[in-house]
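Notes follow once the structure below has been shown.
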Amino acid sequence: MMFGKSSKINEFRLWGLMFTLFGMGLMILGTAGIVFWGQAGKVFAAIFMVIGMIAMLASVGVYFWAGMLSTSARIITCPECDRQTKMLGKTDRCMYCKTKMTLDPKHATDLDETEEIEESTQPQV
Ligand SMILES: [Zn+2]
């Protein structure tokens, strides 16, 4: 993903926001098309409106998904900043200080960006 340095829940919210802004921008452009281009603009307006609506629906979907995920997230206290944060899966970042945290002992010392390190340390068969 583009925004690798925040917690997963914040990342979903960011994607939701991006879709919302994208959809709104397209719908505004579509409306502007009717105003400034008259009859010819209506075709563009219709296309922009449809794409804008899809983007808005996608953003609702992303927000809904983020909400579903956050109900299954574990609430833990961050060892770095002592604040309560939500954790998705076995590795996630703190929502406040972006510290990478893990519940899996195999990843405990792996503070790199690469999460596939364990594969390279396994013996080749
Ligand atoms: Zn923290």
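The values are calculated or read from the model by the stated rules, or taken from the named source; none is laboratory data. Everything numeric in this text was worked out from a predicted model, so none of it was measured. With ideal geometry, Cβ positions are generated from the backbone for all residues, glycine too; neighbour counts draw on all protein chains shown. These area figures cover heavy atoms from the full protein model, side chains too; ligands, DNA and RNA do not enter into them. Shrake-Rupley method; radii C 1.70, N 1.55, O 1.52, S 1.80 Å.
Does GLY41 fit the bill of being out of contact with any Asp or Glu (no Cβ under 9 Å at 6 or more places or on another chain) and either in contact (Cβ under 8 Å) with a residue 24 or more places away in the chain or not in a helix (DSSP H, G or I) (or both)? Show your work before the answer.
Details: out of contact with any Asp or Glu (no Cβ under 9 Å at 6 or more places or on another chain): yes; either in contact (Cβ under 8 Å) with a residue 24 or more places away in the chain or not in a helix (DSSP H, G or I) (or both): no.
In short, no.
For ASP104, work out the one condition from (1) out of contact with any strand residue (DSSP E or B) (no Cβ under 9 Å at 6 or more places or on another chain); (2) of a type outside the set (A, V, I, L, M, F, W, C); (3) more than 17 Å from SER6 (Cβ to Cβ) it doesn't fulfil.
(1)
Just to check your reading of the model, which residue among SER70, SER6 is in contact (Cβ under 8 Å) with a residue 40 or more places away in the chain and more than 16 Å from the ligand (Cβ to nearest atom)? Walk me through how you get there before you give the answer.
Working: SER6 fails: more than 16 Å from the ligand (Cβ to nearest atom).
Among SER70, SER6, only SER70 is in contact (Cβ under 8 Å) with a residue 40 or more places away in the chain and more than 16 Å from the ligand (Cβ to nearest atom).
Could you run through region 28-58 and say how many residues are farther than 30 Å from MET101 by Cβ and open to solvent by less than 50 Å² (accessible area, probe 1.4 Å)? Outline the logic, then answer.
The initial filter retains those residues of region 28-58 that are farther than 30 Å from MET101 by Cβ, namely 28-57.
Those left that are additionally open to solvent by less than 50 Å² (accessible area, probe 1.4 Å): 30, 32-33, 38, 41, 45, 52, 55.
Residues flagged as farther than 30 Å from MET101 by Cβ and open to solvent by less than 50 Å² (accessible area, probe 1.4 Å) within region 28-58 amount to 8.
For residues that are in contact (Cβ under 8 Å) with a residue 24 or more places away in the chain and under 15 Å from ASN10 (Cα atoms), scanning just region 75-86, find the one that is farthest from the ligand (Cβ to nearest atom). Even if it seems obvious, please write down each step before you answer.
Taking region 75-86 as the starting set, the residues that turn out to be in contact (Cβ under 8 Å) with a residue 24 or more places away in the chain are 76, 85-86.
Narrowing the set further to residues that are under 15 Å from ASN10 (Cα atoms) leaves 85-86.
Values: THR85: 6, LYS86: 11 Å.
Per the criteria, the residue is LYS86.
Search region 69-111 for residues being assigned to a loop (DSSP other than H, G, I, E, B) and over 22 Å from the mean Cα position of the chain (by Cα), and hand back the single one that is modelled with the lowest pLDDT. Explain how you work it out, then say what you get.
We begin by selecting, within region 69-111, every residue assigned to a loop (DSSP other than H, G, I, E, B); these are 73, 78-83, 88-90, 94-99, 103-104, 108-111.
Next, only the ones that are over 22 Å from the mean Cα position of the chain (by Cα) stay: 79-82, 104, 108-110.
Numbers: PRO79: 87, GLU80: 89, CYS81: 92, ASP82: 91, ASP104: 71, ALA108: 58, THR109: 58, ASP110: 52.
Ranking the qualifying residues of region 69-111, first place goes to ASP110.
Being assigned to a loop (DSSP other than H, G, I, E, B) and either modelled with pLDDT of 85 or more or hydrophobic (A, V, I, L, M, F, W, C) (or both) narrows it down to one of MET18, MET1, so name that one. Reasoning before the result, please.
Working: MET18 fails: assigned to a loop (DSSP other than H, G, I, E, B).
Matching residue, one of MET18, MET1: MET1.
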